[in-house]
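The values are calculated or read from the model by the stated rules, or taken from the named source; none is laboratory data. Remember, it's a predicted structure, so these values are computed and weren't measured experimentally. Glycine gets a Cβ as well: all are built from the backbone with ideal geometry, and neighbour counts include every protein chain shown. For accessibility, only protein heavy atoms count, side chains too; no ligands or nucleic acids. Shrake-Rupley method; radii C 1.70, N 1.55, O 1.52, S 1.80 Å.
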Amino acid sequence: HVTASAMSLCDDDGSRRGERERPYGSALSFAVLRHPIDRAVSMFDFVRRRPEDGGPSGAERHGWAREVDFDGFVREIPGRWDYFYAPMSHFVLDKAGGLLVKKV
């Protein structure tokens, strides 16, 4: 998972270019977004079944979900700014709210 803004900073080989001219603007760019309810159900299932996934910090990052029901999980998400819980807009919009991909 990577944001479109992070991709726009990369060369074709994935190395970072910094602030000079990038090929990203001329490339085909698109995003597939999940329905928010489907995504929330999937995240809830994932973190309840396997909170340790995502590396050594997974249990720390996701373990809280074992303590809440689905309603509590959904209410807690906006307060968590881990990329895993970020709204889909985080992946496709720039800081000004402009779309960073050509097709959604």
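Condition check ((1) outside any helix (DSSP H, G or I); (2) modelled with pLDDT of 85 or more; (3) open to solvent by less than 80 Å² (accessible area, probe 1.4 Å)) across all residues:
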| position | (1), (2), (3) |
| --- | --- |
| D13 | yes, no, no |
| R39 | no, yes, yes |
| F46 | no, yes, yes |
| G54 | yes, no, yes |
Open item on the list: So, in segment 91-104, how many residues would count as being modelled with pLDDT under 85 and open to solvent by 60 Å² or more (accessible area, probe 1.4 Å)?
Closed with: 5
- [ ] Test each condition in (1) open to solvent by less than 70 Å² (accessible area, probe 1.4 Å); (2) at pLDDT below 85; (3) not acidic (D, E) for V68 and report the one that comes out false.
- [x] (2)
TODO: Considering only residues that are small (G, A, S) and loosely packed, with under 14 Cβ neighbours inside 10 Å, look in segment 71-90 and name the one that is farthest from A31 (Cα to Cα).
DONE: G72
- [ ] Please list, ordered by first then second residue, the pairs with beta carbon atoms under 9 Å, 6 or more apart or interchain, first in segment 75-102 and in a loop (DSSP other than H, G, I, E, B), second acidic (D, E) and open to solvent by 40 Å² or more (accessible area, probe 1.4 Å).
- [x] L100/D94
Task: Among (1) in a loop (DSSP other than H, G, I, E, B); (2) modelled with pLDDT under 85; (3) open to solvent by less than 70 Å² (accessible area, probe 1.4 Å) - the single one H62 does not satisfy - done: (1)
Task: Residues that are modelled with pLDDT under 80 and surrounded by 14 or more Cβ atoms within 10 Å (Cβ to Cβ), drawn from segment 18-37 - done: R22, Y24, S29
